[in-house]
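Reviewing the structure listed below.
The values are calculated or read from the model by the stated rules, or taken from the named source; none is laboratory data. None of the values given here were measured: they were computed from a predicted structure. Heads up, the Cβs are rebuilt from the backbone with ideal geometry, glycines too, and the neighbour counts pull from every protein chain shown. Please note that ligands, DNA and RNA were not included when accessible areas were found on the heavy atoms of the full protein model with its side chains. Shrake-Rupley method; radii C 1.70, N 1.55, O 1.52, S 1.80 Å.
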Amino acid sequence: MAINEAKIITIASVKGGTGKTTTALNLAGTYSLMNKKTLILDFDLYSGGIALSLNIDLKTDLYKLSYDMSVNDYKNIEDYTLKYNENIDIIPAPKDPRYASKIEIKYINLILKKVKPKYDVVIIDTNHFLDATNLLLFDKSNTIMYVMNNSPLDLKNLKSMLAIHKDMEKENYIVVLNESNTHLNEMFNNYDIKNILKNDIDYIIPRTFYNKNINKYVLKGKIMILEKNIRMLNKNTVKVFNKIASDLLER
Ligand SMILES: Nc1ncnc2c1ncn2[C@@H]1O[C@H](COP(=O)(O)OP(=O)(O)OP(=O)(O)O)[C@@H](O)[C@H]1O
Ligand SMILES: [Mg+2]
């Protein structure tokens, strides 16, 4: 059992496909190398990819957990967590997406309360919608990590989103520019991005982390950053993930 309560890190974006799930997995991998007990909650409820990416059988999921809580059948959180390695557990998104809308948000609080004493870090993967579930998750997070790409649409929408955060004086977010999910040339330079966003970029996942074989890792259930050869070839990316991981433990 962790000595302190887990830090809650929610991975968010303002458009789909920016690299949230991949970042969630590599961040969990980084914490696992730091020997931190890590839980990934897959709150991308309609199309969660965490269990699939880790080759884990969906024996249980967030729907089953919230349902059991609602009918007083819940006993231990361990009945709902699935093990990936010594340090990483997951609770998947519902196996059947029709059940996604049946997860009542009032149980999110309770779920977080049950998992917090058991882990050092809880990483929450989300979708890019600003719905009640995600708003509640934001509210309960130590840090909201926006994963963005270098594209006009992303910049425009993230700028609006960060303005909302500032208005609400909820500034516990970081901005991660993910350059690794494309091999194509980027639109704007970092100076432009900062100017458009009116916000700093806190971390950059480098372009060199782009891997054309990423789907092979997914099919084998491997987290890229846990592979020795990948770490050797991507020392800069490893440094970035180490820095993000240790900074977020301090927040
Ligand atoms: N380092 C990388 N190298 C190559 N491709 C990558 C890399 N990181 C992400 N991708 C690809 O980019 C796409 C989006 O990544 P990912 O699924 O992590 O994003 P997401 O934000 O979780 O998407 P969604 O909004 O659909 O949940 C995927 O096809 C993934 O394979
Ligand atoms: Mg995803």
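Quick one: count up the residues across segment 209-226 that are touching a residue at least 60 places away in the same chain (Cβ under 8 Å), part of a loop (DSSP other than H, G, I, E, B) and open to solvent by 30 Å² or more (accessible area, probe 1.4 Å).
0
Only one of 45, 54 is in contact (Cβ under 8 Å) with a residue 60 or more places away in the chain, of a type outside the set (Ser, Thr, Tyr) and within 12 Å of ligand 2 (Cβ to nearest atom); which? Working first, answer last.
Working: 54 fails: within 12 Å of ligand 2 (Cβ to nearest atom).
Result: 45 is the single residue among 45, 54 that is in contact (Cβ under 8 Å) with a residue 60 or more places away in the chain, of a type outside the set (Ser, Thr, Tyr) and within 12 Å of ligand 2 (Cβ to nearest atom).
If residue 135 satisfies all but one of (1) of a type outside the set (Lys, Arg); (2) within 20 Å of residue 6 (Cα to Cα); (3) open to solvent by less than 10 Å² (accessible area, probe 1.4 Å), what's the number of the condition it fails?
The number of the failed condition is (3).
Quick one: in segment 1-24, of everything that is within 9 Å of the chain's Cα centre (by Cα) and near ligand 2 (Cβ under 10 Å from one of its atoms), which residue is nearest to residue 137 (Cα to Cα)? Lay out the reasoning, then the answer.
Here is the first cut: in segment 1-24, the ones within 9 Å of the chain's Cα centre (by Cα) are 9-12, 20-24.
Imposing the further condition that a residue be near ligand 2 (Cβ under 10 Å from one of its atoms) reduces the set to 11, 20-24.
Working: 11: 10, 20: 15, 21: 16, 22: 19, 23: 18, 24: 15 Å.
Residue satisfying both the conditions and the ranking: 11.
Anything in segment 29-62 that is in a helix (DSSP H, G or I) and over 16 Å from residue 248 (Cβ atoms)? List them, or say none. Step through it out loud before you land on a result.
From segment 29-62, those in a helix (DSSP H, G or I) are 29-33, 50-53, 62; that's our starting set.
Residues satisfying the conditions are 50, 51, 52, 53, 62.
Restricting to segment 227-251, what's the tally of residues that are within 22 Å of residue 173 (Cβ to Cβ), among the charged types (D, E, K, R) and surrounded by 13 or more Cβ atoms within 10 Å (Cβ to Cβ)?
Residues flagged as within 22 Å of residue 173 (Cβ to Cβ), among the charged types (D, E, K, R) and surrounded by 13 or more Cβ atoms within 10 Å (Cβ to Cβ) within segment 227-251 amount to 2.
For segment 171-199, how many residues meet the condition of being open to solvent by 20 Å² or more (accessible area, probe 1.4 Å), in contact (Cβ under 8 Å) with a residue 40 or more places away in the chain and assigned to a helix (DSSP H, G or I)?
Selection size over segment 171-199: 1.
In segment 112-122, how many are in contact with a Leu (Cβ under 6 Å, 6 or more places away or on another chain) and of a type in the set (A, V, I, L, M)? Outline the logic, then answer.
At the first step, the residues of segment 112-122 found to be in contact with a Leu (Cβ under 6 Å, 6 or more places away or on another chain) are 115, 119, 122.
Subsequent filtering for residues that are of a type in the set (A, V, I, L, M) retains 115, 122.
Residues flagged as in contact with a Leu (Cβ under 6 Å, 6 or more places away or on another chain) and of a type in the set (A, V, I, L, M) within segment 112-122 amount to 2.
Just to be sure before I move on: is residue 74 modelled with pLDDT of 95 or more, among the aromatic types (Phe, Trp, Tyr) and either in contact with a Leu (Cβ under 6 Å, 6 or more places away or on another chain) or open to solvent by 10 Å² or more (accessible area, probe 1.4 Å) (or both) in the structure I sent?
yes
What's the number of the condition residue 18 fails, among (1) in a loop (DSSP other than H, G, I, E, B); (2) open to solvent by less than 20 Å² (accessible area, probe 1.4 Å); (3) farther than 27 Å from residue 165 by Cα?
The one condition residue 18 does not meet is (3).
Which condition breaks for residue 156 when tested against (1) within 19 Å of residue 204 (Cα to Cα); (2) within 20 Å of the chain's Cα centre (by Cα); (3) more than 13 Å from ligand 1 (Cβ to nearest atom)?
Among (1) within 19 Å of residue 204 (Cα to Cα); (2) within 20 Å of the chain's Cα centre (by Cα); (3) more than 13 Å from ligand 1 (Cβ to nearest atom), residue 156 violates only (2).
Please list, ordered by first then second residue, the pairs with beta carbon atoms under 7 Å, 6 or more apart or interchain, first in segment 99-122 and under 28 Å from residue 35 (Cβ atoms), second open to solvent by 30 Å² or more (accessible area, probe 1.4 Å) and among the acidic types (Asp, Glu).
Sorted first by the residue in segment 99-122, then by its partner, the pairs are 116/5; 117/5.
What number of residues within segment 25-42 satisfy the criterion of being polar (S, T, N, Q) and within 16 Å of ligand 2 (Cβ to nearest atom)?
To start, the set of residues in segment 25-42 that are polar (S, T, N, Q) comprises 26, 30, 32, 35, 38.
Now drop any that are not within 16 Å of ligand 2 (Cβ to nearest atom), which leaves 26.
Counting residues in segment 25-42 that are polar (S, T, N, Q) and within 16 Å of ligand 2 (Cβ to nearest atom) gives 1.
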